[in-house]
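For reference, the structure I am asking about is given below.
Each reported figure results from applying straightforward, stated rules to the coordinates on display, with no laboratory input. Values in this document were obtained by computation on a predicted structure and should not be read as measured data. Glycine also receives a Cβ, built like all others from the backbone with ideal geometry; neighbour counts cover every protein chain displayed.
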Amino acid sequence: MTDTAKFKALAIDITTRVHGTLGASDGFIPLHEPEFLGEEEALVLDCIRTGWVSSVGPYVDRFEAEVSAACGTGHGVAVVNGTAALEVALRVVGVMPGDEVLMPSLTFIATANAAHHLGAVPHFVDAEARTLGLDPVALRAHLDRIADRRDGVTVNALTGRRLAAVVPMHVFGHPVDMDALAEVARDFDIALVEDAAESLGSRAGDRSCGSLGRVAALSFNGNKILTTGGGGAVVTDDPDLASRAKHLTTTAKVPHKWAFYHDEIGYNYRMPNLNAALGVAQLAQLGIRLTQKRALAQRYIDSFVGSEGVAVFVERPGTTANYWLNTLVLSPEMAAARDTVLDVLEAAGLMARPVWEPLHTLAIYADCPRADLPVTADLAARIVNVPSSAKLAGNRA
């Protein structure tokens, strides 16, 4: 059998198994759709009727309290999107222009953009196959080679720039090995900032994603497990970091009953009360949504038992994933079949996508410092995401 025939056969088999997971459908099945089962309409209408639709209002305060509780942290600051949340999280831990921020290359571009917006430089480190996220072993080995202590700070000996933060990202809702990464960060005196944009509700042991670093960033974009339409949040146990994040995101205005005095350059990153109302209603459904998502993931796992050339990516022992996007990983010898698989799935009415283009391969970040990235390149060639909307779990109930 030719390679072309093998690839087509694999694609057809995958498509059949995905259809078997989801059941019959009369139309196109998107990758991930929002779901509104609760008080969304009532709470948003309440905002409209009371006139509190902008960046001040009771739903903002309530959303901040409830999102921090969902993450097991003491404080939350609601903002306009996940990129803004990560930018602010990096700034409050002290990332400055000219610093370097260690991060995976296998991540959504927002991780790098957040650092770049601060004038910092992304510095890419390899992923590991068991989590799809930042590899603590590769990070330590890389820092052993390039890190140096100068004047009480850790610097990249090759560039002279300070290594200010390391940003793990929980890919598709699967927790990275935060304990091992935290140990590396402590040993090299580098701040640990958690990119939890995709992992609301995921847990490592008995701890929730969002509570595993010094500060974390969340996203509530329309395609996330819960949505505020567009929005994000900074969560932390550190009251000083939370206070500073709130101050910066509300234009750095000094509180006063009428005076407009701003004591530093801040941002207008405030989440509108209208969006927060939607978020409050959505947060009330987090438990339901997690049950739906995990039930759908189990159906995929069951459907692909005995498959050859492809496997469903499953949570590692000791973690509980929200399975934001269900993920297929092609075997190394079938990596070249990826685009055929994507084409056949799309033709069958099943939206699918590859993982993000590794950031170090983009022209805009090609000159950034990086470690060797063999696992990143390997995984990027073999990952396919398949339809993962929570409501799909009910199609065969």
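For LYS224, list the lysines whose Cα falls under 24 Å from its own Cα; do not include residues on the same chain fewer than 8 positions away.
By straight Cα distance, LYS224 reaches LYS246, LYS293, LYS391.
Among HIS117, HIS247, rank each residue by its count of other Cβ atoms within 10 Å, from fewest to most, as a rough exposure measure.
Values: HIS117 16, HIS247 19.
So the residues, fewest neighbours to most, are HIS117, HIS247.
Oh, and also: What FRET efficiency comes out for the pair ASP206/ALA5, r = Cβ-Cβ distance, R0 = 56 Å, nearest 0.05?
0.70
So, one more: With a 10 Å cut-off between alpha carbons and a GNM built on the chain, which of VAL310, VAL77, VAL137 moves the most?
VAL137
Excluding same-chain residues fewer than 8 positions from LYS253, which aspartates and glutamates have a Cα within less than 13 Å of its Cα?
Correct list for LYS253: ASP263, GLU264.
Got a sec? How would TYR323, TYR269 order by Cβ neighbour count within 10 Å, fewest to most? It would help to have the intermediate numbers written out before the result.
Working: TYR323 29, TYR269 23.
Fewest-to-most ranking of TYR323, TYR269: TYR269, TYR323.
So, one more: Where a Cα-Cα gap under 12 Å defines reach, which aspartates and glutamates qualify for LYS6, not counting those fewer than 8 residues away within the same chain?
List returned: GLU308, GLU333.
Which of ARG207, ARG62, ARG162 has the fewest other C-beta atoms within 10 Å, and how do the rest follow up to the most?
Least to most surrounded, the residues fall as ARG207, ARG62, ARG162.
Could you check which residue among VAL235, VAL171, VAL184 shows the biggest mean-square fluctuation in a GNM of the chain with a 10 Å Cα cutoff?
The residue that fluctuates most here is VAL184.
I've got another one for you. Report Rg/Rh for segment 43-179, rounded to two decimals, where Rg is the Cα radius of gyration and Rh the Kirkwood radius. Walk me through the numbers before you get to the answer.
Working: Rg = 18.3 Å, Rh = 17.0 Å.
When Rh is taken as the Kirkwood radius, the ratio is 1.07.
Can you find, among LEU106, SER331, ALA141, the residue farthest towards the positive end of the dipole of the chain? Put +1 on the C-beta of Lys and Arg, -1 on that of Asp and Glu.
Value: LEU106.
For the chain, what is the per residue volume of the convex hull drawn over the alpha-carbon atoms, in cubic angstrom?
Details: hull volume 57.0 nm³, N = 397.
Given the Cα convex hull of the chain, per-residue volume reads 144 Å³.
Shifting gears a bit: Please work out the FRET efficiency for the pair MET96 and ALA284, using the Cβ-Cβ distance as r and a Förster radius of 56 Å; give the result to the nearest 0.05.
Efficiency computed from Cβ-Cβ geometry: 0.90.
Let me ask something additional. Suppose R0 equals 35 Å; then what is the FRET efficiency for ALA366 and VAL314 from their Cβ-Cβ distance, rounded to the nearest 0.05? Don't jump to the answer; show the numbers that get you there.
Details: r = 33 Å, r/R0 = 0.96.
For R0 = 35 Å, the calculated efficiency reads 0.55.
I've got another one for you. Suppose a student asked you for the relative contact order of the chain, using Cα pairs under 8 Å spaced at least 6 residues apart; what percent would you report? Don't skip to the answer; put the middle values down first.
Details: 862 pairs, mean separation 103.0, N = 397.
Contact order relative to length: 26 percent.
Hey, another quick one. Using a 7 Å offset from Cα along Cα-Cβ at THR159, what residues in segment 373-391 end up with backbone N under 18 Å from the label point?
373
Be a star and scan segment 286-312 for residues whose amide nitrogen sits under 18 Å from the point 7 Å along the Cα-to-Cβ vector of GLU41.
Under cut-off, by backbone N: nothing.
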